[in-house]
Each structure stands twice: as structure tokens, then as C-alpha cells.
1. Restricting attention to segment 261-319, which residues are at pLDDT below 95, of a type in the set (Asp, Glu) and touching a Leu at 6+ places or on another chain (Cβ under 8 Å)?
2. Within 27 Å of Ile300 (Cα to Cα) and either buried (at least 20 other Cβ atoms within 10 Å of the Cβ) or of a type outside the set (Asp, Glu) (or both): is that true of Leu33 in this structure?
3. So, in segment 43-71, exactly how many residues are without any contact (Cβ under 8 Å) to a residue 40 or more places away in the chain and assigned to a helix (DSSP H, G or I)?
4. Identify all residues within segment 85-125 that are out of contact with any Phe, Trp or Tyr (no Cβ under 8 Å at 6 or more places or on another chain), surrounded by fewer than 21 Cβ atoms within 10 Å (Cβ to Cβ) and of a type in the set (Gly, Ala, Ser); write none if there are none.
5. Taking the condition charged (D, E, K, R), assigned to a loop (DSSP other than H, G, I, E, B) and either in contact with a Ser or Thr (Cβ under 8 Å, 6 or more places away or on another chain) or on the phi < 0 side of the Ramachandran plot (or both), does Lys268 pass?
6. Does Tyr250 meet the test of being buried (at least 17 other Cβ atoms within 10 Å of the Cβ) and touching a Ser or Thr at 6+ places or on another chain (Cβ under 7 Å)?
7. Within the group Leu275, Leu208, Leu259, which residue is outside any helix (DSSP H, G or I), buried (at least 20 other Cβ atoms within 10 Å of the Cβ) and not β-branched (Val, Ile, Thr)?
8. Which of the residues that make up segment 233-247 are at pLDDT 95 or above and surrounded by 17 or more Cβ atoms within 10 Å (Cβ to Cβ)?
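The values are calculated or read from the model by the stated rules, or taken from the named source; none is laboratory data. Remember, predicted model here, so these are calculated numbers, not experimental data. When we count neighbours, we look across all protein chains shown, and the Cβ atoms used for this are built from the backbone with ideal geometry, even at glycine.
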Amino acid sequence: MKQHQTRSPEYFYSFDVFDPTKGWALKPNLVNLPVFESKVLNSNSKGIRGGEYSYEKIEKKRILVFGDSFTFGEEVSDHETYSYYLQEKLPSSEVINLGVHGYGHDQMLIYLKEEGIKYRPDIVILGFVYEDTQRNILSFRDYAKPRFVLVNGQLELKNSPVPKPEELLKKEFYRSKFIDLLTILYQKYRQLTKLQEREAETTTTAILDEMVRVIRGVGARPVFVYLPVFNEMTISGTKLTREEEYFSSYCQSRRIDHLFLRPYFLSKAQSGVQLKTMQHWDPLEHRIAADAIAAFLTNIEALQSPNLVTPPKTVPRQTN
């Protein structure tokens, strides 16, 4: 799958801050920071995009949304993310966007445990991007990051606390370039033999299992949403892609409410709507995602069924 597009450092990193447990996080207390050329970014005192939120239980249903840059809203303003639009569609709920650009599911799990559960959520949405499975087997992406490895079937956290950038730069000075070359060649071999893909999916499955355990352990409901990115949005037909198959198999085996957004994007494209299939979503794609997620949440709540998915005609059936 195509990699996320890199960004020039002057604004790609301007809103990041080092975090010893997750590698990096959104800087707190940002006020109308100009980003993405003509967009605006704000963060609250806890480094969450948007306004302040109390840990106290509220009368409204509280929905947490985890994910990477597509959930965070790279290239759009605060009021143009699918979390923001979801809040508009569901005024009786409170939607908190805990997406962070560049995160893998490992960092999302740590964030959920450290911060997410403090909000006593009713629903936790995971904006699933398949590419993030590869991030789960990395100890460095943009910055150093933590990594889970499986030891006797159990997750074991490595590279934590995460070293600071300046510490890594000191080590890099003494690092052998020949070792770097051997590492590159070995990684290429792993890619060609599918060893890397299998490790990524096996590790991801264990991470998602722990995420679901934590969510259900606080009495919340996990809802996983497959976010199609780049050219995925316009793949025609009802057959699941290889990446969607992994997601579908996981969610069905764990009896998790899940939704595929590709049919909704494809329907718009077939009606003549021009979708952005390069880099990150525009407000239009975020709006489409929010509309679909809002309808889905309303549907499963009305049916009082935690596992039934009623897809549109262009979607393969997703009943568990």
C-alpha cells in the first residue's frame, strides 16, 4: 500500500512534542496555530485536538476516537475532521478526537490505557488504516517509538521509555553504516517473503485484542471502522480487498461492531464527486466518513445488537 506522504519539517513537526511513553504527542495549549498551509490547529491542556473535556462522567454518551493522521485530521482544520462532523451529527453525544498523526496501533493502545479510559467512555471508535499494522513492528518512525513484541504469546513492551531525539543522534554518530546496509537488505528479504506482513498482522492482532479487553473492561463498546485511504477509496466491486479481509476476519472472530467506509466513498465517486486520492482527506472525505459512522452508530443502538452490521447494497455482508 502506498505510504503516507512525507511533509516538510517546518509544519509537519511544529505541533509535536516528545513523549517518553508514546514517542511523540500533540503539543498542549496550541491556539490557532497555522498548519497545512491555510488550516488552523488548536489543542487543549492535555494535548487533545479541540476544546477541554472533563474526566467526570457526563449525561451525554461519550465517544472516543483513536487513529492516525486521517483521524487526527492532517491537512484540515479542527472543524473539518470526521470527529468534529460526527459531533454535529450526534448532538446528544460528546465526541473526543484522540487521533495522533503517525501513530501505530501500539501507540494508540498505550494512549487508551494512559488517557482514554480516564474519560469513562461509552463507545470507543478505532479508525483503522491497514498501513498502521506495519508501524506496529517498528521502533522508529519520524521519531523513536515504543514497540510490542510477542513473547510466549504475550505482549511485551520494548523501547520504553522512548529515548529522546538527541540521545538517538549521539548513538547514530557511532553506528556502523555497514550494519545499516545489512539491516536494509534483511528488511527487503522479509518484505519479499511476506515474513514482515505476517509478523505485522500477528502483532497487530494481539495489540487489538488488548485494546478490546481494555475497552470492554471499562464498560465501553468497541467500534472499529475501516478507513480507505488513497486509491482504496475508489476500488470497485463488492469483494473485500486483502487488507479488508484481515480487518473483517478479526472483527467477526471477536464479535466487534465494524464498518467499511469504502462503499460510501465509491458511491460518491460513481455519482461524479471528485475524491482526493492523494495524500490525506479533504473536508469532503471527512464529512462522508462522519455521515456513515453516525448512521451506523444510530443503527446498532436502535437494534440493540452489538454485532449486526447492515451494509448498503455495494458492501459484502458483515454479519457476525
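1. Of everything in segment 261-319, nothing turns out to be at pLDDT below 95, of a type in the set (Asp, Glu) and touching a Leu at 6+ places or on another chain (Cβ under 8 Å).
2. Numbers: within 27 Å of Ile300 (Cα to Cα): no; either buried (at least 20 other Cβ atoms within 10 Å of the Cβ) or of a type outside the set (Asp, Glu) (or both): yes.
The answer is no for Leu33.
3. Residues that pass the stated criteria total 0.
4. Result: Ser92, Ser93.
5. Here the answer is no, as Lys268 does not meet what is asked.
6. So Tyr250 passes the test.
7. None of the others qualify; the one that does is Leu259.
8. Matches in segment 233-247: Leu240, Thr241, Glu243, Glu244, Tyr246, Phe247.
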